[in-house]
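Structure, as structure tokens:
The values are calculated or read from the model by the stated rules, or taken from the named source; none is laboratory data. This is a predicted model, so every value here is computed, not measured. With ideal geometry, Cβ positions are generated from the backbone for all residues, glycine too; neighbour counts draw on all protein chains shown. With ligands, DNA and RNA removed, areas are computed over all heavy atoms of the protein, side chains included. Shrake-Rupley method; radii C 1.70, N 1.55, O 1.52, S 1.80 Å.
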Amino acid sequence: MIRILIAEDQRLLRGALASLLDLEDDLEVVGQAGDGQEALSMILKMKPDVCLLDIEMPVQSGIEVAERLKLEGSPCRVIMLTTFARPGYFERAVKAGVSGYLLKDEPSDRLAESIRRVMQGHREISPELIFDSAARKNPLTARECEILQLIAAGKTASEIARSLHLSHGTVRNYISEILNKLDVKNRIEAISLAEGNGWI
């Protein structure tokens with residue numbers, strides 16, 4: 001019996017997924033969580049074989065949960081569920097070592113089969129997500145993403161320079177490079193574009 005935990009902030013969808021998967025003879029839903037933090041503590045406590053994580057959840061995102069599980073060395077296999085084909089999410093999910101990356105509107109029999117294949121050591125990825133991700137790769141370096149995240153958090157160039165131990169001029173150069181690479185006019189547009197693609 002494959003033991004599954006579902007983490008999804010929409011209660012109706014979570015319940016529907018649980019009901020459909022419970023109809024399968026070899027699958028058992030052992031827990032349901034409504035946010036990332038609850039999911040993480042339940043996974044560490046209940047030790048399910050597979051967890052289905054919604055990418056966008058309150059408190060902690062599905063990707064943050066996957067990253068934490070990797071750090072903890074948890075044997076639980078992670079399948080991300082998403083409605084968004086955002087390339088930045090895909091890149092982070094792959095780095096976090098997820099076993100599956102599927103669209104939420106997959107048919108339930110396809111989802112059940114994906115869970116079985118993941119348990120056999122395969123990776124399961126919706127083809128549409130791969131193509132969309134390949135089409136829009138993140139042009140920013142890790143440092144540029146870090147700086148853009150700090151700008152999004154409301155930090156000034158001087159504050160960023162202090163916190164990253166860089167000169168004010170270096171930070172300004174980074175910011176103009178970010179705007180050039182993203183082909184945007186200002187920081188607001190840069191943040192909007194990067195967040196929209198899941199790069200920050």
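Only one residue of Q149, L103, N197 has its Cα farthest out toward the positive end of the dipole of the chain, where Lys and Arg carry +1 and Asp and Glu -1 on Cβ, and that residue is Q149.
Calculated from the alpha-carbon coordinates, the chain shows an Rg and a Dmax of 18.9, 63 Å respectively.
In this structure the amide hydrogen of I125, modeled in the peptide plane, comes within under 5 Å of the amide hydrogens of Y101, none closer than 5 places in sequence on its chain. Ligands, DNA and RNA are left out, and with a 1.4 angstrom probe the accessible area of segment 1-116 is 46 Å² per residue. Taking 0.36 nm per residue of separation and subtracting the Cα-Cα distance, full extension of the segment from M119 to D183 would add 18.8 nm.
Taking the accessible area of segment 19-163, probe 1.4 Å, and keeping the other protein chains in place, the carbon and sulfur fraction comes to 51%. Each residue of segment 56-70 is assigned a 3J(HN,Hα), and the resulting list reads 9, 10, x, 6, 9, 6, x, 5, 4, 5, 4, 4, 5, 4, 5 Hz, derived from the Karplus form 6.51 cos²θ - 1.76 cosθ + 1.60 (θ = phi - 60°), x at Gly and Pro. Between segment 34-52 and segment 152-200, the C-alpha centres lie 34 angstrom from each other.
Its Cα centre serving as origin, segment 12-165 has a Cβ charge dipole (Lys and Arg +1, Asp and Glu -1) of approximately 720 debye. Structure remark: mean-square fluctuation, Gaussian network model of the chain, C-alpha springs under 10 Å; the largest value among A152, A39, A18 belongs to A152. Ordering 106-119, 54-67 by mean Cβ neighbour count within 10 Å, with the highest value first, yields 54-67, 106-119.
Rounded, prolate or oblate, given the Cα gyration tensor of segment 141-200, with a/c below 1.5 counting as rounded? Prolate shape, in that a/c is at least 1.5 and a/b is the bigger ratio. Given +1 at the Cβ of Lys and Arg, -1 at the Cβ of Asp and Glu and no other charges, the dipole of segment 1-59 around its Cα centre is 240 debye to the nearest 20.
Per-residue extension of 0.36 nm, minus the Cα-Cα distance of N173 and R110, leaves a gain of 17.9 nm for this segment.
The alpha carbon gyration tensor of segment 1-54 gives principal lengths a ≥ b ≥ c with a/c of 1.5 or higher and a/b no greater than b/c, which makes the shape oblate. Summed over qualifying helices (DSSP H, 4 residues or more, each -39500 (n - 2.57)) and divided by its residue number, the chain shows a 222 nm mean residue ellipticity of -16500 deg cm²/dmol.
Using 0.36 nm per residue and subtracting the Cα-Cα separation, the extra length available between M1 and T83 on full extension is 26.7 nm.
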